[in-house]
Amino acid sequence: MRDVILALCNALRESGLAVTEKFPPRYAPRLREAIVAVSLRQLQGESCGFADYLGLTDDGKERYGKRIKAEFLCRIAAPDGAAASLAADSVCAALVGGINGVLVREMTVGQAQFDDRADCFTLDITAAVTASLYAEQTGDDPAFLDFKLECEPK
């Protein structure tokens, strides 16, 4: 799942957002711009037939793996509500535009509100995604060398 989190973080960074996987405690007093923390909320993997066989690639290689469904939380922390809302617009645009290897099926955007504990404004966006995690055979060697992440067809 680390691959999916990294794919989401990279896509958000490419759209100009500051991204982290965990906020340091009492981050807000140093907060000058919005920052987005990406975390996994839920993960479900399912088998895809006998021995997790996914089928053949276009070039005839066998593919094995799992289909995964996950829900991610993108928590925005910002010095004010306007900055949180602008960052939310950027997050949504990045998710709707598609992320390499990940298909965003659903998004839910919350409201910007002041969080006394964090001492800043926060806004939560949840994203439900699907993808395939698979191993691909390389060359004539029957060994599977690496796992890759791939977007599920719409």
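Tell me which residues, restricted to region 37-64, are on the phi < 0 side of the Ramachandran plot and either among the acidic types (Asp, Glu) or touching a Leu at 6+ places or on another chain (Cβ under 7 Å) (or both).
Once the filter is applied, which keeps residues that are on the phi < 0 side of the Ramachandran plot and either among the acidic types (Asp, Glu) or touching a Leu at 6+ places or on another chain (Cβ under 7 Å) (or both), region 37-64 yields Val38, Ser39, Arg41, Glu46, Cys48, Asp58, Asp59, Glu62, Arg63, Tyr64.
With Ile76, Ile99 as the choices, which residue is modelled with pLDDT of 90 or more, of a type in the set (A, V, I, L, M, F, W, C) and surrounded by 15 or more Cβ atoms within 10 Å (Cβ to Cβ)?
Ile76 is the lone residue from the list that is modelled with pLDDT of 90 or more, of a type in the set (A, V, I, L, M, F, W, C) and surrounded by 15 or more Cβ atoms within 10 Å (Cβ to Cβ).
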Does Gly81 satisfy the criteria of being at pLDDT 80 or above and surrounded by 15 or more Cβ atoms within 10 Å (Cβ to Cβ)?
yes
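Residues checked against (1) touching a strand residue (DSSP E or B) at 6+ places or on another chain (Cβ under 9 Å); (2) of a type in the set (Asp, Glu); (3) modelled with pLDDT of 90 or more; (4) within 18 Å of Asp3 (Cα to Cα):
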| site | (1), (2), (3), (4) |
| --- | --- |
| Val91 | yes, no, yes, no |
| Cys120 | yes, no, no, no |
| Leu123 | yes, no, yes, no |
| Leu133 | yes, no, no, yes |
| Glu152 | yes, yes, no, yes |
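The values are calculated or read from the model by the stated rules, or taken from the named source; none is laboratory data. Treat the numbers as computed from the prediction; the structure is a model and nothing was measured. We place every Cβ from the backbone using ideal geometry, glycine too, and count neighbours over all the protein chains shown.
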